[in-house]
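Q: Quick one: the structure is below, questions incoming.
Every number in this text was worked out from the coordinates using simple rules, so none of it is lab data. All of these numbers come straight from a predicted model, not from anything done at the bench. Virtual Cβ from ideal backbone geometry, glycine too; neighbours counted across all protein chains shown.
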Amino acid sequence: MSVPIYFMALAVSKSKTDVVAAAVAGQVPKTTFGQGLFPFSPYAHNPTQAPDFGLQVGRQYTLRWPSNPKFGNGASANVCQGDNSNAMVAVATAAGGSERGYIENTSASLIRSTIIDDYQSIFRTVGDLVAMTGGAKQSQLDSLMTRINQDTDTSASNYSSYNGNGRRVIAAPINDGGTPLGSNNRIVAIGGFLLTPTGNYGNGGNQAWCAEYIGCWLQGSSHKCAVGGGPNAAGAYVARLII
């Protein structure tokens, strides 16, 4: 690229010179968020097993728990696929039936803003405690439907076939279940999840709201992080100009 020169032109007898420049963008890990996190916190399955903490890519995990979660086969279970075990039901019920997975302010309007507009009332950092705010918040089903309908692909049943604008791809804090179980829940990671099509979310208070775990999450992107299958295949990232 040629750029004009001014004062040096007197010495070198030319008005332009070539400049070589390069810029490199990369994905930088992000652990603190002031906006963009969904107002639910799924449970880790193994709180000490980084980077996925026991969650498996491609399986569905619980955003909102039913009022009376039950492990079982077929119709006897009312929890999400990835949480369908006695161990995870025990984690979900340890804090009492009112704790359903919400982590935002109890104001319905603020929760709606968090779901639809990526608002957060609390800064969150990996390693912080996260308070479960309780209640079924059934009125937020409409907010969830609105968020899904913001996407250009509302029908893909899984992430491998998804080709939308990213609005169904959400980031949620994954917590360790608490110490002791059911209290002092601590954020161990930020996970990427895909919201399912609208017809999969029920209107009953005893129904689970599920999302597919996709591994890492790149803020502002409709696609999964391009960090491969190595030790950084989970967590949250942001694109930055690094050179």
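Q: Using the Kirkwood radius over Cα pairs, work out the Stokes-Einstein diffusion coefficient for region 28-241 at 37 °C and 0.692 mPa s, in µm²/s as a whole number. It would help to have the intermediate numbers written out before the result.
A: On the way: Rh = 16.9 Å.
Translational diffusion coefficient: 194 µm²/s.
Q: Counting each pair of different Cα atoms once, what's the Kirkwood radius of region 98-154 in Å, rounded to one decimal?
A: Values: mean 1/r = 0.0811 Å⁻¹.
Here the Kirkwood hydrodynamic radius works out to 12.3 Å.
Q: How do Lys137, Lys70, Lys30 line up, fewest other C-beta atoms within 10 Å first? Mind dumping the intermediate values first?
A: Values: Lys137 22, Lys70 13, Lys30 19.
Ranked by crowding around the Cβ, least crowded first: Lys70, Lys30, Lys137.
Q: Starting with the fewest neighbours, write out Asp151, Asp128, Asp142, Asp83 ranked by other beta-carbon atoms found within 10 Å of each beta-carbon. Walk me through the numbers before you get to the answer.
A: Working: Asp151 20, Asp128 16, Asp142 13, Asp83 25.
Listing Asp151, Asp128, Asp142, Asp83 from fewest to most nearby Cβ atoms yields Asp142, Asp128, Asp151, Asp83.
Q: Give the residues of region 202-222 whose amide nitrogen is closer than 20 Å to a point set 7 Å from the Cα of Thr152 in the direction of its Cβ.
A: 218-222
Q: Right, something else. In whole Hz, what ³J(HN,Hα) sequence does region 74-89 give by Karplus (6.51, -1.76, 1.60; θ = phi - 60°), x for Gly and Pro?
A: Values per residue, Gly and Pro as x: x, 5, 6, 9, 10, 10, 6, 3, x, 9, 7, 8, 4, 5, 6, 4 Hz.
Q: Quick one: Karplus J couplings for region 58-65, per residue in order, coefficients 6.51, -1.76, 1.60, θ = phi - 60°, nearest Hz, x for Gly and Pro?
A: Computed from phi, the couplings for region 58-65 are x, 9, 8, 10, 7, 8, 10, 7 Hz.
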